[in-house]
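Before any comments, here is the structure.
The values are calculated or read from the model by the stated rules, or taken from the named source; none is laboratory data. Bear in mind that the values here come from a model prediction, so they are computed numbers and not experimental data. For accessibility, only protein heavy atoms count, side chains too; no ligands or nucleic acids. Shrake-Rupley method; radii C 1.70, N 1.55, O 1.52, S 1.80 Å.
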Amino acid sequence: APSWVSLGKLEERQKRQERARECYRSATVGDERNYYAWQCWGVLEARLGNVDEARRLFQICSSVNSQNAAVWQAWGVMESRLRNFDTAVACFKRGLEVSPRNTFVLQAWAVLEWKRDDLVR
(Lines give C-alpha, C1' and ligand atoms only; values in the text may rest on other atoms or scores of the structure.)
Protein backbone atom coordinates (compact mmCIF):
# COMPACT_ATOMS: atom_id res chain seq x y z
CA ALA A 1 0.00 0.00 0.00
CA PRO A 2 2.79 2.54 0.69
CA SER A 3 3.97 2.07 -2.90
CA TRP A 4 0.50 2.94 -4.20
CA VAL A 5 0.46 6.12 -2.10
CA SER A 6 3.91 7.14 -3.33
CA LEU A 7 2.86 6.53 -6.91
CA GLY A 8 -0.34 8.50 -6.31
CA LYS A 9 1.66 11.48 -5.04
CA LEU A 10 3.87 11.26 -8.14
CA GLU A 11 0.83 11.12 -10.43
CA GLU A 12 -0.59 14.22 -8.71
CA ARG A 13 2.66 16.11 -9.29
CA GLN A 14 2.43 15.12 -12.97
CA LYS A 15 -1.15 16.50 -13.10
CA ARG A 16 -2.60 13.04 -13.75
CA GLN A 17 -5.42 13.28 -11.24
CA GLU A 18 -7.43 10.25 -12.38
CA ARG A 19 -4.37 8.03 -12.17
CA ALA A 20 -3.60 9.42 -8.71
CA ARG A 21 -7.15 8.64 -7.63
CA GLU A 22 -6.77 5.06 -8.88
CA CYS A 23 -3.51 4.68 -6.93
CA TYR A 24 -5.13 5.86 -3.69
CA ARG A 25 -8.11 3.58 -4.34
CA SER A 26 -5.74 0.64 -4.84
CA ALA A 27 -3.90 1.52 -1.64
CA THR A 28 -7.13 1.49 0.37
CA VAL A 29 -8.34 -1.75 -1.22
CA GLY A 30 -4.99 -3.32 -0.38
CA ASP A 31 -5.12 -2.03 3.19
CA GLU A 32 -8.33 -0.35 4.33
CA ARG A 33 -6.61 0.70 7.59
CA ASN A 34 -4.09 2.82 5.65
CA TYR A 35 -5.27 6.17 6.99
CA TYR A 36 -2.60 8.07 5.06
CA ALA A 37 -3.97 6.77 1.75
CA TRP A 38 -7.49 7.87 2.74
CA GLN A 39 -6.13 11.29 3.74
CA CYS A 40 -4.17 11.78 0.49
CA TRP A 41 -7.20 10.77 -1.53
CA GLY A 42 -9.39 13.18 0.44
CA VAL A 43 -6.96 16.04 -0.14
CA LEU A 44 -6.93 15.26 -3.85
CA GLU A 45 -10.72 15.32 -4.04
CA ALA A 46 -10.85 18.56 -2.04
CA ARG A 47 -8.33 20.14 -4.39
CA LEU A 48 -10.44 19.05 -7.37
CA GLY A 49 -13.59 20.54 -5.82
CA ASN A 50 -15.26 17.21 -5.10
CA VAL A 51 -16.28 18.35 -1.64
CA ASP A 52 -18.77 15.61 -0.76
CA GLU A 53 -16.31 12.91 -1.79
CA ALA A 54 -13.53 14.63 0.15
CA ARG A 55 -15.72 14.75 3.26
CA ARG A 56 -16.53 11.05 2.87
CA LEU A 57 -12.84 10.18 2.58
CA PHE A 58 -11.84 12.40 5.51
CA GLN A 59 -14.56 10.73 7.58
CA ILE A 60 -13.23 7.28 6.72
CA CYS A 61 -9.69 8.41 7.50
CA SER A 62 -10.71 9.83 10.87
CA SER A 63 -12.58 6.64 11.76
CA VAL A 64 -9.56 4.53 10.84
CA ASN A 65 -7.24 6.75 12.91
CA SER A 66 -8.91 9.44 14.99
CA GLN A 67 -5.50 10.45 16.37
CA ASN A 68 -4.28 11.74 13.00
CA ALA A 69 -4.15 15.53 13.41
CA ALA A 70 -3.25 15.98 9.74
CA VAL A 71 -6.64 14.78 8.53
CA TRP A 72 -8.40 17.21 10.87
CA GLN A 73 -6.18 20.01 9.56
CA ALA A 74 -6.83 19.10 5.91
CA TRP A 75 -10.57 18.78 6.50
CA GLY A 76 -10.64 22.09 8.36
CA VAL A 77 -8.74 23.86 5.59
CA MET A 78 -11.23 22.60 3.03
CA GLU A 79 -14.19 23.75 5.14
CA SER A 80 -12.51 27.10 5.73
CA ARG A 81 -12.08 27.63 1.99
CA LEU A 82 -15.79 26.90 1.61
CA ARG A 83 -16.48 29.47 4.36
CA ASN A 84 -17.96 26.77 6.59
CA PHE A 85 -16.14 28.38 9.48
CA ASP A 86 -17.91 26.60 12.34
CA THR A 87 -17.20 23.21 10.80
CA ALA A 88 -13.60 24.21 10.14
CA VAL A 89 -13.12 25.32 13.74
CA ALA A 90 -14.58 22.02 14.96
CA CYS A 91 -12.03 20.17 12.81
CA PHE A 92 -9.16 22.30 14.10
CA LYS A 93 -10.28 21.78 17.70
CA ARG A 94 -10.33 18.03 17.15
CA GLY A 95 -6.86 18.20 15.62
CA LEU A 96 -5.56 20.07 18.65
CA GLU A 97 -7.21 17.58 21.01
CA VAL A 98 -5.09 14.82 19.52
CA SER A 99 -1.98 16.96 19.00
CA PRO A 100 -2.12 20.09 21.19
CA ARG A 101 0.99 21.78 19.78
CA ASN A 102 0.51 20.88 16.13
CA THR A 103 1.81 23.93 14.26
CA PHE A 104 0.00 23.02 11.02
CA VAL A 105 -3.37 22.95 12.77
CA LEU A 106 -2.60 26.12 14.73
CA GLN A 107 -1.51 27.98 11.60
CA ALA A 108 -4.56 26.85 9.61
CA TRP A 109 -6.85 28.00 12.43
CA ALA A 110 -5.04 31.36 12.61
CA VAL A 111 -5.55 31.86 8.87
CA LEU A 112 -9.26 31.03 9.27
CA GLU A 113 -9.63 33.63 12.03
CA TRP A 114 -7.81 36.20 9.93
CA LYS A 115 -10.14 35.51 6.97
CA ARG A 116 -13.20 35.62 9.18
CA ASP A 117 -12.08 38.91 10.71
CA ASP A 118 -11.47 40.30 7.22
CA LEU A 119 -15.03 39.37 6.20
CA VAL A 120 -16.51 41.14 9.22
CA ARG A 121 -14.73 44.43 8.46
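Rolling a 1.4 angstrom probe over the protein heavy atoms, how many square angstrom per residue are accessible across the chain?
58 Å²
Considering only protein heavy atoms and a probe of 1.4 Å, how much of the accessible area of the chain is carbon and sulfur, as a whole percent? Show your work: numbers first, answer last.
Values: 3640 of 7070 Å².
C and S atoms contribute 51 percent here.
Test of understanding: in a Gaussian network model of the chain with alpha carbons linked when under 10 Å, which of 28, 87, 103 would top the mean-square fluctuation ranking?
103
Find the relative contact order for segment 1-90 and round it to a whole percent, using C-alpha pairs within less than 8 Å whose residues are 6+ positions apart.
19 percent
222 nm [θ] for the chain, helices only, -39500 (n - 2.57) per DSSP H run of 4+, per residue, to 500?
Value at 222 nm, helices only, nearest 500: -26000 deg cm²/dmol.
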